[in-house]
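Okay, so here's the structure we're looking at.
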Amino acid sequence: MTAAPPRNWAGNVTFRAARVHRPSSVAELQEIVAAARSVRALGTGHSFNRIADTDGDLVRVDGLPGRVEIDPAALTATVPAGLRYARLAEHLQAHGFALANLASLPQISVAGACATGTHGSGNGRPGLAAAVAGLRMVAPDGRLVELRRGVPEDRLDGAVVALGALGIVTELTLDIEPTYDVAQWVYTGLPLDRLAGAFDALSGAAYSVSVFTDWASGEARVWLKCRTDRDGSDHPGDSWQGARLAGEALHPIPGIFPAACTTQGGRPGPWHERLPHFRPDFTPSSGTELQSELLLPRSAAPQAVEALRRIGHRIAPVLQISEVRTVAADDLWLSPAHARDCVALHFTWSDRAEAVMRAVAAVEEELLPLGGRPHWGKLTALAPGDVAALHPRAADFRRLMADHDPEGKLRNDFVRGVFPT
Ligand SMILES: Cc1cc2nc3c(=O)[nH]c(=O)nc-3n(C[C@H](O)[C@H](O)[C@H](O)COP(=O)(O)OP(=O)(O)OC[C@H]3O[C@@H](n4cnc5c(N)ncnc54)[C@H](O)[C@@H]3O)c2cc1C
């Protein structure tokens, strides 16, 4: 057992766990889970809500033994669940391999990111969980269970974005590919009229594209991450889509010095040193913040841009920055991008929780009618019971939970709120 649980990364959630464990073997983890009345896993604590919380036993899996095992023929890597993407990426790169995409920060654990449907950007890039080809977990009764892609009775598609509600994951097998380089260009002064009017051209202009705006100024900045073997490494011109090539490195949040940011200015470098916006050894984003995000059908992007421009002045007092990304459809049951290509509208707010929740509600009033589904790891003003209704496979997931965990040992208040019995 370890010391009292800390808070989450943002500091807005203090974990209520009666006991915190950091087992050093899978056998020890199996004993903890079998003996527990109520148990949850904690990754690196980067979620902004109580998704990881429990008043029972909280388990960190980053003390489990394990190493990255690459299968070059199958193009997969089996990785410990608690490993952070930063360490995984270094290992893969050292062996000539890569992942298809990364989130904005590499500090998060693989299991925690996949459990919440974490994503990066790119018209052709699904969320990180889509790379999961198999996983191993400790079931509520302490048994070790293995689920594999392509084995229908395993129902892996239901078990990857699983909110920690099926078992404590110990290992994941991920799709990998040969390493590649990325060159990152930043543009300033993109007119928001252009973002609405030419959305597909903009979001499809590179392997991964991120647009940052405050919605009130009428302008945006664009991060183009060009995969050199597909897009080339050159920028599309000093002036492009009404925007100008930045003459210096920039932080996504205006006014913050860009030391924490990955290399810009078009200098090609390995995938893991360009796809995230932030370097692993610095505080990502602003560090004093709350976040919310909704994923909508990509075809709704122009309407969503116009709607957010209309309320830009109302949310401005608590908004640090907003990011627009795209996420390709996947088959994962609880993925916000399930069965539909998405535009993801993210908000980095101040840490004034009450005012932020009013702003989150204002945004959701505009974006839910356009088909928005909230990110599982961020804030929403929706009642938990209303979130399940946005997911077409929610009933299937409820049955999967009942099969894996009939007594509800892995269900915390968050999961019970979304899937009341
Ligand atoms: C600065 C910042 C930037 C972010 N950028 C992005 C981004 O670019 N894209 C994006 O989509 N999201 C982003 N997020 C959100 C973040 O990716 C998610 O909250 C993610 O879940 C964090 O992973 P974690 O390891 O911290 O998980 P935690 O928050 O610790 O846990 C999340 C869930 O995973 C479960 N879990 C963790 N480990 C296991 C396990 N071994 N077995 C079973 N269940 C487990 C937990 O029980 C919980 O339900 C960002 C967050 C921050 C703070």
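The values are calculated or read from the model by the stated rules, or taken from the named source; none is laboratory data. Since this is a predicted model, take the numbers as computed values, not measurements. Neighbour counts are summed over all protein chains in view; Cβ atoms, including those assigned to glycine, are modelled from backbone coordinates with ideal geometry. The protein model used for the area step is the full one, side chains on, heavy atoms only, and it has no ligands, DNA or RNA in it. Shrake-Rupley method; radii C 1.70, N 1.55, O 1.52, S 1.80 Å.
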With a 1.4 Å probe and all protein chains left in place, how much of the accessible area of segment 1-147 comes from carbon and sulfur atoms, in whole percent? 49
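Please calculate how many Å² of accessible area the chain carries per residue, with a 1.4 Å probe and no DNA, RNA or ligand atoms counted. Walk me through the intermediate numbers first.
Details: 16300 Å² over 421 residues.
About 39 Å² of surface per residue is accessible.
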Positive end of the charge dipole of segment 69-178 (Lys, Arg +1 and Asp, Glu -1 on Cβ, about the Cα centre): tell me which of G112, A98, A81 has its Cα farthest that way. G112
Could you work out how much longer the chain between E153 and A35 gets when fully extended? Use 0.36 nm per residue separation minus the Cα distance between them, nm to one decimal. 39.7 nm
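For a protection proxy built on the mean count of beta-carbon atoms within 10 angstrom, sort 329-341, 396-408 highest first, please.
Working: 329-341: 21.8, 396-408: 16.2.
Result, highest mean Cβ count within 10 Å first: 329-341, 396-408.
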D351 to R143: extension gain in nm, 0.36 nm per residue of separation minus the Cα-Cα distance? 70.8 nm
Classified through the alpha carbon gyration tensor (a ≥ b ≥ c as square roots of its eigenvalues; rounded if a/c is under 1.5, else prolate when a/b is larger than b/c, else oblate), segment 262-392 comes out oblate
Considering only C-alpha atoms, what is the centroid distance from segment 64-98 to segment 204-229, in Å? 29
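Roughly how big is the chain's charge dipole about its Cα centre, with Cβ charges of +1 (Lys, Arg) and -1 (Asp, Glu), in debye to the nearest 20?
Working: 42 positive and 47 negative charges, 115 e Å.
Using only the charged Cβ atoms, the result is roughly 560 debye.
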Given charges at Cβ of Lys, Arg, Asp, Glu: segment 218-346 dipole, positive-most of P336, P236, L308: L308
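Tell me, what % of the accessible area of segment 173-307 is carbon and sulfur with a 1.4 angstrom probe?
Working: 2380 of 5090 Å².
That share works out to 47 percent.
Which of the peptides 40-53, 140-153, 11-24 is most tightly packed, and how do the rest follow, going by the mean number of other Cβ atoms within 10 Å of each residue?
Numbers: 40-53: 23.4, 140-153: 13.8, 11-24: 16.8.
Descending packing order for the listed peptides: 40-53, 11-24, 140-153.
Just how large is the dipole of segment 234-319 about the Cα centre, in debye to the nearest 20, putting +1 at every Lys and Arg Cβ and -1 at every Asp and Glu Cβ?
Numbers: 8 positive and 8 negative charges, 54 e Å.
Dipole about the Cα centre, nearest 20: 260 debye.
Per DSSP helix of 4 or more residues, -39500 (n - 2.57); summed, then divided by the residues of the chain. What does that give at 222 nm, rounded to the nearest 500?
-6000 deg cm²/dmol
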Taking 7 Å along the Cα-to-C-beta vector as the label spot, tell me the D234-T421 distance in nanometres, rounded to one decimal. 6.3
Cα extents of the chain along the principal axes, largest first, in whole Å, come to 62, 47, 40
How much length would be gained if the chain were fully extended between A74 and D413, taking 0.36 nm per residue of separation minus their Cα-Cα distance, in nm to one decimal? 118.1 nm
Within segment 8-27, whose backbone N sits under 19 Å from a point 7 Å along Cα→Cβ of D62? 8-17, 19-26
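Could you tell me the calculated FRET efficiency between R398 and A18, based on Cβ-Cβ distance and R0 = 30 angstrom, to the nearest 0.05? List each step's numbers first, then the result.
On the way: r = 27 Å, r/R0 = 0.90.
Working from the Cβ atoms, E equals 0.65.
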